[in-house]
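Quick note: the coordinates plus some simple rules give every number you see, no bench work behind them. Since this is a predicted model, take the numbers as computed values, not measurements. Because the Cβ atoms are built from the backbone with ideal geometry, glycine has one as well, and the counts that use them run over all protein chains shown.
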Amino acid sequence: MTTATLSPTAFAPMSSRRLFIFGGIALVAAGMLFGDIFAVFILHQNAGQQGASLIAANQAVAAGNPTAVGEIFSNLGGILEDRGTKVDAHVHMIGAGYLALLLALVQPYIALAAKTKKRLATYFIAGGVLFPIGIFLIHYVGLAYSPFKVIGWASILADSAGALLLIVLLIEAWGFRSYLRTRQLTEPAIPDDDSWPRRALLSGGTLLIFFGFLHGAWYAGAYLYQHERMETDILGKMMAAASASDLPAATAEVTNFGNLAGAHAVNIAAHSHIIEFGLLAMLLSFIQPYVFLSDLWKRRWTKVLLAGSLILPVFVLLELKLGLLAGGIADIGGLMVIVALVGMLSGVLRYTGTLDAGGSR
Amino acid sequence: MTGSQRLLIFGGMSLAAFGMLYGLHYAVLVEHQTLDRLGGSLAQAFMDAASRNPAGSQAALEAYGQTKYDYVRQVDCHSHWIGLAMIMIVLGVVFGRVNFSERFRQAIALALLVGSATFPLAVLLQTYHHGALVLKALSVASSGLVIAALAATAWGFSRPRTPV
């Protein structure tokens, strides 16, 4: 089925499906943009701050000053929280976007009233926006004015938004259960399109996920436990050297610690990104009939998205060998995926409901 | 909608909801305390080293290692349950394009569901029994089941459509 033959009633201007598709792509694109900004402007600087804190802690250990060590670790906790909350905001925004796209796909099988489905979609997108915002603010809001000992207002916002997503998902599951009883579709099923972009995204996505699984299994089997043992070994050697006032040896262990953390991080990042991009490609394959662009542009965006999906994880892995050059190329890969997503999003936006599909092209 | 599609979509949605419920429970009741323990034990190890107390430093470092071991697996479990569930739902929508008999498709769908539920669970259970060989074997076997099911799915996608 081509875009031109898609019935407008299958994709009403403000239907739950359209809200999920538009909101889902926007959340994924925004989450990736935030991830790219984080990688370029914060990640490496944050790693440098962690290393500097460890060196300072070693100096305090060598000087026999536990009070200074406590202060340095208090500061290091803030640095780690800064990094962790930004990674979590990036991951959860994209995750909410994926779930929104998934829910768009299953809307015909959700036996609930159209008004209820639309309201659920609105709540889900709102939750998907507030969830990462809450996580992002944790580092900055802290425990200010909080009635709890360890949970601040930003955490409360994030947890409440997470609960909202969960409630929507449970109601959608209930709607699916109702469908299984009646077997009546509540809206037209997703068109069985067999276009080139759809096939390329579906098969390319499956392959990306498959390679991601293989890489994850290989890393877990070959290196995960080894890296965990090495971390405590390095820290033990670092403290022993600092206790003996051998600061050059302690600093060398800080370098080893940084290298190990880097090796672990790039493997985890490559594994998670290639699978996420594979899933994204598969999800986007289904919504191609709702992307109101010419076939030529749909093909272009598909190629850009698949190329970026491969470039990012491969060059993240190569960062260990090629350094910042590979990091820069990986960032460009991420940018390619974002550009392709925005291109497809513009295609979704072009359908206003006032134009018929043929006239919109 | 075929039986294999129902299994993947309903199983995937249930697994996603379960994974999110676990994540919510973890974030509210466990994570903050775990992170405090993680940072606290490492800081304690360095402070004991500064006080020239190697035994205390070593004990705190071991506590850090154990807490980190648990933390990594608890977070991985949450993300893998939801991630695998999403893959199941997506595959469920297009599982009719997997060109095998419905019986074989149901076997693949069941393998995906069992593997996706068991793999993170086996990883999570390792936090209660560190280094248990049975749990490591279970996580390897269940992840292998997911990989094999995914390979079969990719093969099914690549087979030409059988005329109805």
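Looking only at Cα atoms, what is the convex hull volume of the protein assembly as shown per residue, in Å³?
Hull volume normalised by residue count: 144 Å³.
Using a Gaussian network model on chain B with a 10 Å cutoff between Cα atoms, which of B:ALA149, B:ALA137, B:ALA16 fluctuates the most? Residue with maximal mean-square fluctuation among B:ALA149, B:ALA137, B:ALA16: B:ALA137.
Under the criterion of Cα pairs below 8 Å and six or more residues apart, the relative contact order for segment A:25-137 equals 40 percent.
Other residues within the sphere of radius under 14 Å centred on the Cβ of B:VAL90, judged by their own Cβ, net out at +1 (K and R +1, D and E -1). With the cut-off at under 20 Å, measuring from each backbone N in segment B:20-42 to a point 7 Å along the Cα-to-Cβ line of A:TYR123 picks out B:20-25. Translational diffusion of segment B:72-140 was estimated from the Stokes-Einstein equation, with Rh taken as the Kirkwood radius over Cα pairs; at 37 °C and 0.692 mPa s the coefficient is 250 µm²/s. Given a Förster radius of 30 Å and the C-beta distance between B:THR2 and A:ALA114 as r, what FRET efficiency does 1/(1 + (r/R0)^6) yield to the nearest 0.05? About 0.70, to the nearest 0.05.
Mean partner shielding of peptide A:143-154, defined as the number of other chain Cβ atoms within 10 Å of each residue Cβ, is 1. Taking label points 7 Å from Cα along the Cα-to-Cβ direction, A:MET14 and A:ASP194 give a separation of 3.9 nm.
The residues packed around A:ALA39, meaning those with a beta-carbon under 15 Å from its beta-carbon, carry a net charge of -4 if Lys and Arg are +1 and Asp and Glu are -1. Paramagnetic label reach from A:SER74 (point 7 Å along Cα→Cβ; backbone nitrogen cut-off under 19 Å): within segment B:6-49, residues B:35-49. Normalised by the number of residues in chain A, the average gap of Cα pairs under 8 Å and 6 or more apart makes the relative contact order 24 percent.
Stick to Cα atoms and the Kirkwood definition of Rh, then tell me Rg/Rh for segment A:161-300. Checking Rg against Rh, the ratio lands at 1.23. Pairs from the table (A:LYS86/A:LYS149; A:LYS149/B:LYS68; A:LYS86/A:LYS115; A:LYS237/B:LYS68) lying more than 26 angstrom apart at Cα are A:LYS86/A:LYS115. Look at the stretch B:47-59: the mean tally of other chain Cβ atoms within 10 Å of its residues' Cβ atoms is 6. Once the Kirkwood radius over Cα pairs is known for segment A:227-360, the Stokes-Einstein relation at 25 °C and 0.890 mPa s delivers a diffusion coefficient of 138 µm²/s. Helix A:114-141 and the long axis of chain A differ in direction by around 20°, with both axes built from C-alpha atoms. Extension gain, A:LEU322 to A:SER245: 0.36 nm times the residue separation minus the Cα-Cα distance gives 24.3 nm. Rounded to the nearest 500, the 222 nm mean residue ellipticity of chain A from helices alone is -27500 deg cm²/dmol, with -39,500 (n - 2.57) taken per DSSP H run of at least 4 residues.
Distance from the Cα centroid of segment A:199-221 to that of segment B:1-40 is 22 Å (rounded to whole angstrom).
Relative to the dominant Cα principal axis of chain A, helix A:196-219 is inclined by about 30°. Could you state the angle between the C-alpha long axis of helix B:133-158 and the longest principal axis of the C-alpha atoms of chain B, as a value from 0 to 90 degrees rounded to the nearest 10? The angle comes out at about 30 degrees. A simple spin-label model places pseudo-atoms 7 Å from Cα toward Cβ; at B:ALA59 and A:LEU180 they are separated by 5.3 nm. Taking every residue in A:219-226 and counting other chain Cβ atoms within 10 Å of its Cβ, the average works out to 2.
With the alpha-carbon atoms as the only input, what is the per residue convex hull volume for segment A:9-190 in Å³? Don't skip to the answer; put the middle values down first.
Working: hull volume 24.3 nm³, N = 182.
Dividing the Cα hull volume of segment A:9-190 by its residue count gives 133 Å³.
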